[in-house]
Structure formats: structure tokens, C-alpha cells
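Okay, handing you the structure first.
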Amino acid sequence: MHPDLPLVLGIETSCDETGVGIVRGSSLLADAVASSVDAHARFGGVVPEVASRAHLEAMVPTIHRALDEAGVRLSDVDAIAVTAGPGLAGALLVGVAAAKAYALALDKPLYGVNHLASHIAVDTLEHGPLPEPCIALLVSGGHSSLLLVESVTDGITSLGATIDDAAGEAFDKVARLLGLPFPGGPYIDRAAREGDPAAVLFPRGLTGPRDAPYDFSFSGLKTAVARWVEARRRNGTAVPVADVAASFQEAVADVLTAKAVKACRASGVDTLLIGGGVAANSRLRELAEQRCADAGLRLRAPRASLCTDNGAMVAALGSLLVADGIAPSALGIPADSSMAVTEVRF
Ligand code: KG4
Ligand code: ZN
């Protein structure tokens, strides 16, 4: 680690995770996360107002935990990065307000960054500089996108996105249907290990010859699973949870990886990066690995704990912006709940 590289603190509050990460250059020094997930579990989804309050309570303690973990003081920090969007408006506001306060008090530059670009940038902490251009498959609770990344700090183009539910949303809804806890992704992943992915052939949305090649649709799949499960319950037959979980997961992983590999081939790009919470899924990772190897592509996948929301990803993108000499954001920047994926920063 080079002691002269800038020390960047990143704050993430777009959903239910209060994340504070600290990086020096591309070295990860601390990744402190406080989650309010337990407070939302009984509602079966994130309750925005509950999330905002939890961020408010967790913010300062999480900052201090990250500083302790990194063995640095606030006065050592050279720049503050914060998720400015997209996400829940009230939740984002807590992080943005905190970041502005720290930037002002410490007299350090502020970088308001895009949550989705941060999901891509985080991989540099684990696997070094990003080969650019690359294709990024970004799959989370709120988003499912295929992106052409010519520069993670300054050149992200959207090739396609979901036209209805996000991939993570489909995992969460199907889990609920199967009586599994919230958030459902990790529970489906676990249940699927005991199941047969070929037990039920669920539909692969938007994969017809005339369909948009890089868009996704998961609501038909969700409905198909619901119908299948309801039919069983109506007959009084037991629902084979592991088989349904494995078959559903297979349908999602199949469509995501097939479209991502197709996008790489069509763009003449040799690296696929997967990121976002759903990229923690073991079957998605395995199938992506296999299909990339078959197609002669390199796969970059951050470890599972860096795929789900955290502050390290925000610090990582902040650090890349600083390294590229990009001007900091104004202290008056808003929190933008619908910040476009192509807008890397304010
Ligand atoms: O990126 P993330 O932490 O938050 C958003 O930006 O949305 O993603 C959360 C989503 C949830 O829908 C969760 O169920 C899903 O990621 N997820 C998974 C797994 N771990 C988290 N989905 C499938 N398999 C997993 N292992
Ligand atoms: Zn996310």
C-alpha cells in the first residue's frame, strides 16, 4: 500500500444498508455495514421511513467503526464519496447530508456518485484495474441492467434493462411465495442446493427471436412460479420448495448469463463483470463462469460480500474519480432517487 495515495471514505445509504468504506488508492482498509433488514423482514420488503430512521441512528457509529477498522482518523481522510442516487429518497438524503457535513467540517472534496456505477467500481478493490471496455451485468433488488462500460468514471452506456421486475425483486417475491424469509435471494440460493434445477421448466422471458436482445422481464416468470405453486396447494400436494427454488433460480441465471455473453460477443468485448446483490448468487456465478469460459471471455465477479450494498463500493468509485482528476461535486448537490445509470457522478 502506498501511504501517499489519497484516503477516500465512502458512504452508502440508498436502501437498507448503512455502509461506510475506507480505501487508500485501490486498497480496501475498512468495510463497515449496519443493516436494518430485520426491521423490514415482517413487512416482506424495505419500508422507506424505517430505513431512513435506521440510517440516521447508524451513521455516526458506523463511521467510527470504519475508522477504527482502518486504523485512521477522520482528519486523515482526503475525500468523501457518497451515493447520491438512485435509491430511496429519504434514505439517500441521510447519507448525502452526512457526507456534506463531513466534507464541510474537514474541508475536503465531496463526490456524489451513482450507486450502480459503484457496484461496478468495487471490483477494482479485489481484482485490480478494470479492463475497459467491458460489459457489466448489474443485478440487484432495484435494478437489472446490461451496460457497456468504456470508462467506469466517465463512459457507461445502457444496452438493456428490465422492463418490469428487477432480478432481486423476483427472488424476493418467489421466496415469499415459498414461505422463505426476506430478503429471499440468499434463502432461495440455499434451498436450491438441495433441489433439481430441471424439475420444472419455467419460462425464460424476452428470449424470442423478435424480443429486445438485452432487455429482461421477470414478472412472467414470477407469475408462472405462483401458478405452479397454487395449483399444487389447491390439489393438497406438498410444494417441493427446493425443486421450485432451483428451477426458478436456473431460469433467472440462464437468461441473465445468455444475454450478457451475447452482449460481449456483439460488442467485441472480452470481459464480463457481474455486480449487485444478485451477483452473490452461487448458481449465477457458476453459470457465468462456465459460459464465459466456453465463449473465451474473462469473468470478473467481486466476492459475495462486496456484491450486496456496502460503503466500500462508494469509496472505490470515489477513489477512481480522484485518480482520474475529476472535479468534485458542489456542496449543494441533491439526492436523486432516479439518477440515470449513465450519470456516474454529480
Ligand atoms: O445490491 P443490493 O444489496 O441492493 C440493491 O441495490 O437493491 O441487492 C439486494 C438484492 C435482494 O433482492 C436480495 O434478495 C438479492 O440482492 N440477493 C440475492 C443473493 N444475495 C442477495 N439474490 C440471489 N442470490 C443471492 N445469494
Ligand atoms: Zn445495490
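The values are calculated or read from the model by the stated rules, or taken from the named source; none is laboratory data. All figures in this text were calculated on a predicted structure; none of them were measured in a lab. As a convention, Cβ positions derive from the backbone with ideal geometry for all residues, glycine included, and neighbour counts pool all protein chains shown. With ligands, DNA and RNA removed, areas are computed over all heavy atoms of the protein, side chains included. Shrake-Rupley method; radii C 1.70, N 1.55, O 1.52, S 1.80 Å.
If you go through the range 270-317 one residue at a time, how many are within 16 Å of ligand 2 (Cβ to nearest atom) and crowded, with 20+ Cβ neighbours inside 10 Å? Steps first, please.
First pass over the range 270-317, keeping only residues within 16 Å of ligand 2 (Cβ to nearest atom): 273-281, 284, 301-317.
Those still in the list that are crowded, with 20+ Cβ neighbours inside 10 Å too: 273-281, 284, 301-302, 306-317.
Result for the range 270-317: 24.
Same structure again: So which residues in the range 175-218 are of a type outside the set (A, V, I, L, M), more than 18 Å from Ser145 (Cβ to Cβ), open to solvent by less than 40 Å² (accessible area, probe 1.4 Å) and free of Cβ contacts under 8 Å to residues at least 60 places away in the same chain, if there are any at all?
Selection gives Gly184, Gly195, Phe202, Gly208.
Here's something else I'd like to know. Please specify each residue of the range 129-149 satisfying the condition of being of a type in the set (A, V, I, L, M, F, W, C) and open to solvent by less than 10 Å² (accessible area, probe 1.4 Å).
The answer is Cys134, Ile135, Ala136, Leu137, Leu138, Val139, Leu146, Leu147, Val149.
Let me ask something else. Which of the residues belonging to the range 164-221 are within 16 Å of ligand 2 (Cβ to nearest atom) and touching a strand residue (DSSP E or B) at 6+ places or on another chain (Cβ under 6 Å)?
Correct list: Ala166, Ala167.
Quick check: anything in the range 316-328 touching a residue at least 60 places away in the same chain (Cβ under 8 Å) and within 16 Å of ligand 1 (Cβ to nearest atom)? Please lay out each step first, then the result.
Of all residues in the range 316-328, those touching a residue at least 60 places away in the same chain (Cβ under 8 Å) come to 316-324, 326, 328.
With within 16 Å of ligand 1 (Cβ to nearest atom) added as a condition, the list becomes 316-317.
Yes.
Quick check, is Arg65 over 19 Å from Met313 (Cα atoms) and at pLDDT 95 or above? First the steps, then the outcome.
Numbers: over 19 Å from Met313 (Cα atoms): no; at pLDDT 95 or above: yes.
No; evaluated as a whole, the condition is false for this residue.
Here is a follow-up. Looking for something part of a helix (DSSP H, G or I) and either among the charged types (D, E, K, R) or within 28 Å of Ala293 (Cα to Cα) (or both) - is there at least one such residue anywhere in the range 205-218?
no
Are there helices (runs of 4 or more DSSP H) fully within the range 86-142 with at least 1 residues that are away from ligand 2 (no atom under 16 Å from the Cβ) and either out of contact with any Asp or Glu (no Cβ under 6 Å at 6 or more places or on another chain) or within 30 Å of Val50 (Cα to Cα) (or both)? List them.
89-106, 123-127
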